[in-house]
Structures are given as structure tokens and as C-alpha cells.
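Participant: One structure, pasted below without further comment.
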Amino acid sequence: MRLAFLGTGSAFSCERYNGAIVVEGRLLLDAGAPLLPHMHRLGIDPGAIEAVFLTHFHGDHVLGLPPFLFYRSVFRSGPLAMVGPPGVEERVEALCRLAWGEDWSGAAFLRYQEAEAEGEVVGVPYQAVRLDHGRMDCRGYRLRIGDEVLAYAGDTIASPPLDELVEGADVAVTEATSPEDSDVHTSWEEAAALAARHPRTRFIFNHVFQGNLPGAAEDLAVMEVRGLR
Ligand SMILES: [Zn+2]
């Protein structure tokens, strides 16, 4: 599967852009980075994105949406599925109204879908797992990409639901915010321990605050990855 990392940083990172990943040129996982210029740099057509999966509504995961969605509303390029935790339509519409006022023409091209435990969107079967991220309702996703499973965590502590999310996945993108312990994030040590518990899964870390973490993706990296089996 082809993964393009538009951003790999945590909320307060001064070194990295906030997170967003394009999968196979047609799925967008979270939306923190400046989406349009970073897609352009990597040769990704913003009009080719068919579905967005939002893990949660913290700003570093959604604030790239207003320009991207306004672009899609002006340069009409077909429907766009928007999957997220409960309330996704209200949150995204409120964000766009805040950003664009009366110029935001509404969601005619958007197909909102609150994440189900098991579902399918734009032909991609997925499972959603509720993760522990403080008071914020956060969902990790398991996406069937061809004959492989991609697990994507968003933000979470290293608690049992995270193990459930990555169990048996071929590729897992999980957060590793900082060497420090945290009540809401996974530390570098916990990320390494998670990978050690799932040796048949290929791990790529993101949501890094600062510094060089082995196994972490870099901003604007494009990877063709397969699992380890
Ligand atoms: Zn968060």
C-alpha cells in the first residue's frame, strides 16, 4: 500500500507539520497538515480523495479541512465520504462555517458517516475501535487495503484497545508523541513495547513532538509498504 505522510507532528511540534496521511491516493487519514500544498508537492490530486477518516476532533487533526473542503466545493470533483466519531457532521460543518461564513455552501458533496464498529465506505471495509485519549472520543481504524489490513490509531494512550486495534494488522501507523510519559499519549518507550508485542506487524510511528525517533515517518515521506508476512 502507498502511504503519503503530509504531516507527522503532534499538536505542539515546532519541527513537524500536524498529521495527515493519504493512502493509495484516495483515502485521507486525519487532516492536520496544510493539505492542498502538501498534496501538490507529492503529486496527489485533491479531487481524487474519496473518503476522509477522522480519528477525533482535536485541532491538530482537523484544521487542515477548511481549505481542502472549500476547494472540493468549488472545484466539483464528486462526492466525498467523511467518517468520524459521533457528531462528525455537526463538528465539520461548524468548522467550515467558522472558517468561511456564508461562503460555505454546505455539505451537498459530503457524505457524512459516523464510524461504526464495522462498516464499508467507498468500497473499503473498515473497523473502528474506540481508543483512550482523555475526554476526547477517539476512534482508531482498521482499513482493508487490497489484501492487507492497515491499522491507524490517531491519538491514544498505550492501553488494551490499542493492542486490539493493531492485532493481526499487516501495517500499523501509531502515535509516539514524546519520550515523556503522558496521560493522553503514547510515549516512545510504550510505542516500542507495542511493536514488540506485535512482531508480525510492520509499525510506522507518527505524531512526534520533536527529535529523531527510529521507525518514525518524516513529513512528506511517501512509502510503498507491505506487511512482514
Ligand atoms: Zn488529540
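Participant: How much net charge surrounds D30 when only the other residues with a Cβ under 10 Å from the Cβ of D30 are counted, with Lys and Arg +1 and Asp and Glu -1? Don't skip to the answer; put the middle values down first.
Facilitator: Working: positive: none; negative: D60, D155.
Counting the neighbours of D30, the net charge comes to -2.
Participant: Another question, then. Could the peptides 48-54, 187-193 be put in order, highest first, of the mean number of other beta-carbon atoms found within 10 Å of their residues? Intermediate results must be reported in sequence, preceding the final value.
Facilitator: Numbers: 48-54: 22.1, 187-193: 17.9.
Highest-to-lowest ranking by the protection proxy: 48-54, 187-193.
Participant: Could I ask something else about it? Taking the Cα centre of the chain as the origin and placing charges on Cβ (Lys, Arg +1; Asp, Glu -1), which of G43, S178, I21 is farthest toward the positive end of the dipole?
Facilitator: G43
Participant: I would also like to ask the following. Given only helices, namely DSSP H runs of n ≥ 4 each adding -39500 (n - 2.57), what is the per-residue ellipticity at 222 nm of the chain, to the nearest 500 deg cm²/dmol?
Facilitator: Numbers: 6 runs with 51 residues, N = 229.
When only DSSP H runs of four or more count, the value is -6000 deg cm²/dmol.
Participant: Name the most mobile residue of R139, R197, R130, meaning the one with the largest mean-square fluctuation, in a Gaussian network model of the chain with Cα contacts below 10 Å.
Facilitator: R197
Participant: Can you bin every Cα-Cα distance in the chain into 5 Å intervals starting at zero and give me the percent of pairs per bin, rounded to whole numbers?
Facilitator: Going out from 0 Å in 5 Å bins, the chain shows 1, 7, 16, 20, 22, 17, 10, 4, 2, 0, 0 percent.
Participant: Sticking with this structure for a sec: Looking only at region 71-127, where both bridge partners belong to it, what percent of the DSSP beta bridges are antiparallel (to the nearest 5)? List each step's numbers first, then the result.
Facilitator: Details: 4 of 9 bridges.
Within region 71-127, antiparallel bridges account for around 45 percent of the total.
Participant: Sorted by average packing, counted as other Cβ atoms within 10 angstrom per residue and highest first, what order do 8-16, 75-83 take?
Facilitator: Numbers: 8-16: 18.2, 75-83: 16.3.
Put in order of decreasing packing, that is 8-16, 75-83.
Participant: Decide, for region 81-134, between rounded, prolate and oblate: order the square roots of the alpha carbon gyration tensor eigenvalues as a ≥ b ≥ c, take rounded if a/c falls under 1.5, and otherwise choose prolate if a/b is larger than b/c, else oblate.
Facilitator: Working: a/c = 3.96, a/b = 1.60, b/c = 2.47.
Oblate, since a/c reaches 1.5 and b/c is not below a/b.
Participant: Follow-up. Indicate the gyration tensor shape class of region 158-229 (rounded, prolate or oblate), computed on the Cα atoms with a ≥ b ≥ c the square roots of the eigenvalues: a/c under 1.5 is rounded; otherwise a/b larger than b/c is prolate and the rest oblate. Don't skip to the end; give the middle numbers.
Facilitator: Working: a/c = 2.08, a/b = 1.12, b/c = 1.86.
Oblate, since a/c reaches 1.5 and b/c is not below a/b.
Participant: Report the charge-dipole magnitude of region 131-175 in Debye, nearest 20, computed about the Cα centre from +1 at each Lys and Arg Cβ and -1 at each Asp and Glu Cβ. Don't skip to the answer; put the middle values down first.
Facilitator: Numbers: 4 positive and 10 negative charges, 37 e Å.
It works out to roughly 180 debye.
All of the numbers you see were taken from the coordinates with simple rules; none came from a lab. Everything numeric here is computed off the predicted structure, so don't read it as measured data. Note that each Cβ is placed from the backbone with ideal geometry, even for glycine, and that neighbours are counted across all protein chains shown.
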